[in-house]
Each structure stands twice: as structure tokens, then as C-alpha cells.
Amino acid sequence: MSRPRTFGELQSVRSRERVSVKEEMRRNLLRKLQARETLFPGILGYDDSVIPQVTNAVLSRHNMILLGLRGQAKSRLLRALTSLLDPEIPVVAGCEINDDPFQPLCRRCHDLLKERGDETPVCWLTPSERYVEKLATPDVTIADIIGDVDPIRAARGGFDLASELTMHYGLLPRAHRGIFALNELPDLAGRIQVGLFNILQEGDVQIKGYPVRLPIDVCMVFTANPEDYTARGKIITPLKDRIGSEIRTHYPTALEQGVAITAQEAWTERTPDLVVPRWVREVVEGIAFAARRDKKIDRRSGVSQRLPISSLENAVSNAERRALLAGETPIVPRISDIYASLPSLTGKFELEYEGELLGAENVARELIREAVGEVFSSYLGQSSFREVVRFFEEGGSLRIREGSPSQEVLAQLSRVSDVLSQLAPLGISPRDPAPLLAAAGEFVLEGLWAQKKIGRSDDRGFIAQERHGEVELDLERLERLRKLKKQVN
Ligand SMILES: [Zn+2]
């Protein structure tokens with residue numbers, strides 16, 4: 001049976017019973033919980049923390065705010081709330097505020113229903129059409145959010161300015177019967193916050209200059225940076241009081257979670273010839289983990305999940321380019337491709353003073369090296385690469401450029417015994433295709449370099465580790481001082 005297209009047809013299939021948006025979301029959520037359905041598919045890493053709290057907020061019919069740093073999927077999670085709305089709801093066709101045909105709020109629909117009665121046209125809204133989103137900025141006005149007189153409309157329609165028909169509805173009335181999401185709430189000017197508070201308090205909207213009140217029905221959801229939100233004077237207290245649930249989001253807590261999120265979000269499914277080794281994914285993710293704990297990086301602004309996502313995309317592109325020039329498949333990104341993804345890293349964090357001194361590129365290189373070192377020890381920490389280290393100490397050197405074709409890399413690597421024979425912990429066998437072997441071998445050298453067991457020049461020549469590194473000099477000095485102290489005693 002096709003859906004009702006007029007108010008008359010609608011009345012024969014639906015009762016005029018009214019359910020609020022929050023009640024509708026609650027009902028659908030209860031049904032999903034009962035059916036053990038996955039809530040919010042695609043939102044990873046929040047199963048034991050954020051999602052239960054969001055669930056409770058919906059069950060409590062609360063307005064809510066998500067507090068978290070950038071790139072913690074806050075907006076995405078809010079958008080996912082639309083999965084709790086009915087598949088479709090009837091509205092008076094052409095209404096700007098999605099009026100319920102049984103209980104219209106606006107003057108236009110009142111007049112229309114009086115005039116056309118059962119013939120009034122009805123159309124249907126999907127969940128995504130019931131989601132209104134706005135980024136708060138200091139220049140957002142009451143007119144943007146709530147509404148205003150529209151003199152042009154008045155002139156065109158020949159209406160009196162005081163007529164309700166000249167109203168321009170703001171975003172909030174347009175979210176009537178849906179979800180209104182406001183991102184970065186603290187950036188909203190104080191008087192607009194007062195306006196929002198009034199709506200939450202009274203449950204209706206009063207548009208400047210009109211004697212009408214619109215008892216709109218919305219679920220209001222917000223996001224904010226936690227520090228901005230708790231800073232004194234940023235949010236008016238009565239508004240805070242009215243937001244039923246405050247939920248903290250977070251970055252992935254385990255590397256595997258981060259790898260899964262990045263795998264889902266990064267655009268790597270671009271060619272069937274691509275093979276992204278597990279260690280490459282882990283190093284890319286490790287960069288974000290290292291950045292989030294690095295003192296040279298501003299913690300208040302955070303390090304978005306977009307860092308590993310765009311870094312992986314860029315590393316894959318660099319590998320794609322090399323493979324094309326060398327005419328080889330499969331396409332396998334190497335650690336040097338991650339270094340080549342620097343342009344996708346440097347803009348993703350804010351530096352503290354110490355970091356500023358070093359410069360964003362150097363900080364990013366250090367982060368990559370740190371991540372390589374960690375992933376290397378998790379896979380190959382048990383392996384001995386004594387022969388490799390000896391090769392360099394005896395004056396050997398290898399030159400593995402980022403653009404070198406795999407056969408060239410393998411030819412270099414074969415000069416050292418021990419590298420290609422110890423790749424089993426990486427899941428690599430000698431029979432694997434050359435690009436994969438080359439990537440694995442290069443990872444070993446990069447790993448040994450990250451652990452300061454061998455040296456590396458700027459143009460990727462691997463050499464022996466400098467014997468008089470800063471650290472070692474310090475140790476020697478310490479030893480001398482110790483001896484000196486003994487003698488004095
Ligand atoms: Zn209407």
C-alpha cells in the first residue's frame with residue numbers, strides 16, 4: 001500500500017496520538033536493546049564507555065552534551081542518534097517547520113487545513129531530514145537560531161509586518177519534531193545561550209516581534225571542548241543545569257581500536273592491488289598515540305583521529321606513486337612512505353613552546369621514529385639482529401631511497417645476512433612478493449635505527465650508529481663523576 005498523500009488518507013491509517021521526539025527515540029532504543037541490536041554501528045571504541053551513557057541519556061529523555069577534544073567522533077555520534085528516529089513521519093507538505101498535520105503550529109498550515117481540510121497534502125520525512133546541525137560561532141544571531149521578521153517576504157506577499165506569515169524561521173523551529181545539534185556550544189554568545197535556556201525552560205519559542213509562541217518539540221544535543229565548557233563564564237549556569245546529561249568522549253584507549261577506526265575511515269580501498277602491512281597501520285596509529293602523550297604538543301586542543309587517517313591515506317598515495325613509476329604490484333606502503341606523509345601530519349597538532357623551537361616537521365619526524373621503535377619491539381623485540389648491526393659497524397652501508405623499486409631494495413638488503421631471514425614474526429615468508437619483502441626489510445632497518453642500534457643519514461643511507469652519541473657521552477661523564485666521588489670518599 002502506498003503512503004497517504006492527503007490528510008484525509010492519513011486519518012484513516014494513523015491516530016492523532018502524539019509522541020514527543022524524545023519519547024519516540026526512547027521507544028526505538030528500547031526495541032533495539034530488546035532485540036540485542038548493535039547500537040550506533042560504525043562508532044568504534046565507545047562500547048563500554050560513551051555508548052552506555054548516551055543510551056541512558058536517551059532512556060532518560062535528556063538533552064545532552066558530548067564533551068571531548070577534536071576528532072573524537074562527537075558530531076558523528078550525534079548524527080547517529082537519527083538511527084533512533086522512526087523511518088518516516090507525516091508532515092504538512094511545504095511546511096517550513098515540519099508541522100504535524102494533526103497539530104499544526106504555524107499560521108500557514110492552520111489556514112491550509114481550514115481551507116483544504118482532508119485534501120491538505122501530506123508528505124513524509126526521513127530521519128536524516130529531521131536532523132538540523134549548526135556550528136556555534138560568536139557571530140551566530142538570535143535570528144539564525146530562532147527566527148526574525150522577514151521584510152522581503154512581507155513585501156512580496158503583501159502582508160502586514162505583524163502577520164505571522166512574514167516570519168522567517170530560524171534553525172531551531174526548523175528542527176521541530178527532530179534533533180537539533182549545536183556544535184561547540186561555548187562559542188555561542190551569552191545572549192543566545194539565554195535564548196536557548198528559555199526554550200529548554202519553557203518548551204516553546206517566541207519569535208521577536210510576534211505575539212505567537214511555538215511549542216516546538218526537539219531533542220537538543222550539543223558538543224564542546226571540555227576545557228571551554230568548564231571555564232568560568234563560558235556557559236551560563238542555568239543553561240548547564242538544563243542539559244540533562246554530560247558525557248565525556250575520548251580517544252581510542254588501545255592501539256588496535258585506533259587501527260580499526262583508521263581502517264574504517266581512511267580511503268585505502270582505491271585499488272585491489274594494495275596491501276597495507278599490519279605494522280604500517282600500527283606505526284601510523286602509534287604516531288597519534290605518541291603525539292597525544294608528547295609534552296611538546298598542546299594537550300588542550302588534542303590530536304584528532306584525523307591525523308592517522310590522513311597520514312595513512314598519504315602514505316598509501318606515496319606507495320601508489322612509486323609502484324606506478326616502477327611498474328610493480330602489489331602496492332605496499334613502507335615506513336619511508338609514512339615519513340613522506342609529513343604534510344598530512346604537521347597541521348594536525350598545536351605545538352607548545354618547546355615544540356615551536358623544534359618546528360612541526362621535526363616534531364612529526366620524532367613521533368614517527370618513536371612509533372616505529374615501539375611497533376618494531378612489539379614484533380621483533382625478541383629477534384637478534386647482531387649480524388646486521390655488525391655489518392654496519394664493520395663499515396658497511398646500505399642506501400634505500402624512498403623511491404627505490406622493490407628489486408633494488410632487495411638487492412641492497414641481500415648484502416646483509418639476517419635481515420630477510422628473520423621476517424616470520426611479521427607474517428612474511430621468503431616467497432612473498434618483492435614489494436612486501438622490501439617493505440618488511442626496510443621496516444627492520446628503520447626499527448633498528450629507531451632503537452639507535454644503527455645510524456641513518458638524511459638521504460636514507462643506513463650506516464653504523466655514531467659511537468659518541470649524546471646519551472653515551474652523558475653516561476661516560478656520569479661514570480667519571482662516580483669514580484671521582486669514590487676517590488673523595
Ligand atoms: Zn506549518
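The values are calculated or read from the model by the stated rules, or taken from the named source; none is laboratory data. These figures come from a predicted structure and were not determined experimentally. As a convention, Cβ positions derive from the backbone with ideal geometry for all residues, glycine included, and neighbour counts pool all protein chains shown. Each accessible area value is taken on the protein alone, full model and side chains, heavy atoms only, with ligands, DNA and RNA left out. Shrake-Rupley method; radii C 1.70, N 1.55, O 1.52, S 1.80 Å.
Based on this model, can you work out whether ASP150 counts as buried (at least 22 other Cβ atoms within 10 Å of the Cβ), farther than 30 Å from LYS234 by Cα and either among the basic types (Lys, Arg) or within 16 Å of the ligand (Cβ to nearest atom) (or both)?
no
Of the residues VAL389, VAL375, which single one is under 24 Å from the mean Cα position of the chain (by Cα) and of a type in the set (A, V, I, L, M)?
Every option except VAL375 fails the conditions.
If you go through segment 64-87 one residue at a time, do you hit one that is surrounded by fewer than 20 Cβ atoms within 10 Å (Cβ to Cβ), of a type in the set (D, E, K, R) and without any contact (Cβ under 8 Å) to a residue 40 or more places away in the chain?
Yes, some residue in segment 64-87 is surrounded by fewer than 20 Cβ atoms within 10 Å (Cβ to Cβ), of a type in the set (D, E, K, R) and without any contact (Cβ under 8 Å) to a residue 40 or more places away in the chain.
Search segment 212-238 for residues that are closer than 16 Å to LEU200 by Cβ and pair each with any residue that is among the aromatic types (Phe, Trp, Tyr) and open to solvent by 20 Å² or more (accessible area, probe 1.4 Å) when their beta-carbon atoms are under 6 Å apart and the residues are at least 6 apart or on different chains.
PRO238/PHE197
Taking only segment 127-158 into account, find how many residues are modelled with pLDDT under 90, among the charged types (D, E, K, R) and not in a helix (DSSP H, G or I).
Total satisfying the criteria: 2.
Can you pull out every residue in segment 63-110 that is within 16 Å of the ligand (Cβ to nearest atom), assigned to a loop (DSSP other than H, G, I, E, B) and under 21 Å from VAL19 (Cα atoms)?
Passing the criteria: ALA93, CYS95, GLU96, ILE97, ASN98, ASP99, PRO101, PHE102, PRO104, LEU105, CYS106.
Cβ-Cβ distance below 6 Å, separation of 6 or more or different chains: which pairs start in segment 173-187 with a residue that is open to solvent by 20 Å² or more (accessible area, probe 1.4 Å) and end on one that is charged (D, E, K, R)?
Taking only residues 6 or more apart or on different chains, the pairs are ARG177/ASP217.
Looking at (1) more than 29 Å from GLN407 (Cα to Cα); (2) in contact (Cβ under 8 Å) with a residue 60 or more places away in the chain; (3) more than 19 Å from the chain's Cα centre (by Cα), find the lone condition where PHE289 falls short.
(3)
Between a first residue in segment 351-375 that is at pLDDT 95 or above and a second residue that is acidic (Asp, Glu), which pairs have beta carbons less than 7 Å apart while being 6 or more apart in sequence or on different chains?
These pairs meet every condition: LEU367/ASP294; VAL372/GLU446; VAL375/GLU282.
Modelled with pLDDT of 95 or more and either outside any loop (DSSP other than H, G, I, E, B) or on the phi > 0 side of the Ramachandran plot (or both): which single residue out of GLU37, GLU23 fits that description?
GLU23
Condition check: of a type in the set (Ser, Thr, Tyr), part of a helix (DSSP H, G or I), exposed (fewer than 13 other Cβ atoms within 10 Å of the Cβ) and without any contact (Cβ under 8 Å) to a residue 40 or more places away in the chain. Does SER429 satisfy that?
No: the conditions fail for SER429.
Kindly indicate which of ASP298, ASP337 is surrounded by fewer than 18 Cβ atoms within 10 Å (Cβ to Cβ) and farther than 29 Å from PRO41 by Cα. Can you show your working first?
On the way: ASP337 fails: surrounded by fewer than 18 Cβ atoms within 10 Å (Cβ to Cβ).
Testing whether each residue is surrounded by fewer than 18 Cβ atoms within 10 Å (Cβ to Cβ) and farther than 29 Å from PRO41 by Cα leaves just ASP298.
Would segment 30-51 turn up any residue that is more than 30 Å from SER301 (Cβ to Cβ) and within 16 Å of the ligand (Cβ to nearest atom)?
Taking every residue of segment 30-51 in turn, none turns out to be more than 30 Å from SER301 (Cβ to Cβ) and within 16 Å of the ligand (Cβ to nearest atom).
Do you know which residues across segment 394-407 are part of a helix (DSSP H, G or I) and surrounded by 16 or more Cβ atoms within 10 Å (Cβ to Cβ)?
First, pick out the residues of segment 394-407 that are part of a helix (DSSP H, G or I): 406-407.
Hit for segment 394-407 is SER406, nothing else.
Filter segment 223-251 down to the residues that are of a type in the set (Val, Ile, Thr) and part of a loop (DSSP other than H, G, I, E, B), then identify the one that is most open to solvent (accessible area, probe 1.4 Å).
ILE236
Taking ARG130, is it among the charged types (D, E, K, R) and within 9 Å of the ligand (Cβ to nearest atom)? First the steps, then the outcome.
Working: among the charged types (D, E, K, R): yes; within 9 Å of the ligand (Cβ to nearest atom): no.
Against the criterion (among the charged types (D, E, K, R) and within 9 Å of the ligand (Cβ to nearest atom)), ARG130 does not qualify.
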